[in-house]
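Asks: Below you will find the structure I want to go over with you.
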Amino acid sequence: MTTLSIFNQNQPETAHTVTSDPRVIRETLASLGVRFEQWPTRNLPAEADQETILEVYAKEVSRLKQECGFQTADVVSLTPDHPQKEAFRQKFLDEHTHSEDEVRFFVRGQGLFYLHFGDQVYAVMCEKNDLISVPDGTRHWFDMGAEPEFTCIRLFTNPDGWVADFTGEDIANRLPRYESLAGVAV
């Protein structure tokens, strides 16, 4: 279930706010400049390749390219049997920023985006049909869990793709990880 959990960075053990109401999630994130949308479900076989996925979501991807100036789109997928899953998880677990928006649309599966604004951390458990666009310069990190299972469309303005500037802060180590938040009841 798509869930937003809000933590105070000085009391990171427990969220002070938790909601799964899509309207509240969208409005809360919009107030921070973060785009959150839920796109219609499309039937895709589990083994659908990048070309098929981008073709099925061509209308939505084209709209975002026109609205936001994105130059490229690709598909990233990770499964529990991937031999480098732990290395991939570690790559995204430290707080970082980007010089462009980070856009992910979840075709299947789920993942947890943490967004750090002031002394608040907004943990957004995204799942199938969720789109999140983290504005450039936003401190954030991503946790896919120890057994990742997701496929996402990514959009970039920079043709080089994902380029991070790590903040060096340890905030990501102080908040609950994916495993703790994956089953959060609202």
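Nothing in this text is a laboratory measurement; each read-out follows from the coordinates by a stated rule. Nothing here was measured: the structure is a model prediction, and the numbers come from that model. Cβ placement follows ideal geometry from the backbone for every residue including glycine, while neighbour counts extend to all protein chains displayed.
Asks: Please specify each residue of the stretch 104-130 satisfying the condition of being of a type in the set (V, I, T) and over 9 Å from the mean Cα position of the chain (by Cα).
Replies: V107, V121
Asks: For the stretch 38-46, does any single residue satisfy the condition of being of a type in the set (K, R) and touching a helix residue (DSSP H, G or I) at 6+ places or on another chain (Cβ under 6 Å)?
Replies: yes
Asks: Select from the stretch 143-172 the residues that are hydrophobic (A, V, I, L, M, F, W, C), over 23 Å from E60 (Cα atoms) and touching a helix residue (DSSP H, G or I) at 6+ places or on another chain (Cβ under 9 Å) and list them in ascending order.
Replies: Matches in the stretch 143-172: M144, A146, A164.
Asks: Ok, one more. With N158, N173 as the choices, which residue is at negative phi and either in contact with a Leu (Cβ under 6 Å, 6 or more places away or on another chain) or not in a loop (DSSP other than H, G, I, E, B) (or both)?
Replies: After ruling out the rest, the residue left standing is N173.
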